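Q: Mind looking over this structure? Questions follow.
We did not get these values from a lab; they are worked out from the coordinates using the rules stated. As the structure is a prediction and not an experimental result, all values here were calculated from the model. Note: ideal-geometry Cβ built from the backbone for every residue, glycine included; neighbour counts use all protein chains shown.
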Amino acid sequence: MYLLKLDSVFTSAKVKASKHSPLFNILKSVHNETKNELEKMLKCNEEHPAYLASDEITTVRKNLESRGVEVDPSL
């Protein structure tokens, strides 16, 4: 559910921003940072279920914030 929500936020914002706008570049960067963080989590456990526990979401959020990525607290 969280990944779907994040993806829908990114997709709707992408529609509003052209590929050459600064907003699009920021969104793309946030998307890539988030994707990389989730891939790191999956590399640790290839048998990981198709959902994230609340502590895993908190870990991803804190890791992104520590790298200067602004994270919506509702995610």
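Q: What ³J(HN,Hα) values, in whole Hz, does the Karplus curve 6.51 cos²θ - 1.76 cosθ + 1.60 give for the range 42-55 when θ = phi - 60°, with x put for Gly and Pro?
A: Values, residue by residue: 5, 5, 6, 8, 5, 9, 4, x, 7, 9, 10, 6, 4, 5 Hz.
Q: Count the net charge of all other residues whose Cβ sits under 15 Å from the Cβ of ASN45, scoring Lys and Arg as +1 and Asp and Glu as -1.
A: On the way: positive: LYS40, LYS43; negative: GLU37, GLU39, GLU46, GLU47, ASP55, GLU56.
Combined, the nearby Lys, Arg, Asp and Glu give -4.
Q: Highest first, please rank the peptides 27-39, 46-58 by the mean number of other Cβ atoms sitting within 10 Å of their residues.
A: Numbers: 27-39: 14.9, 46-58: 9.7.
Most protected by this proxy first, the peptides run 27-39, 46-58.
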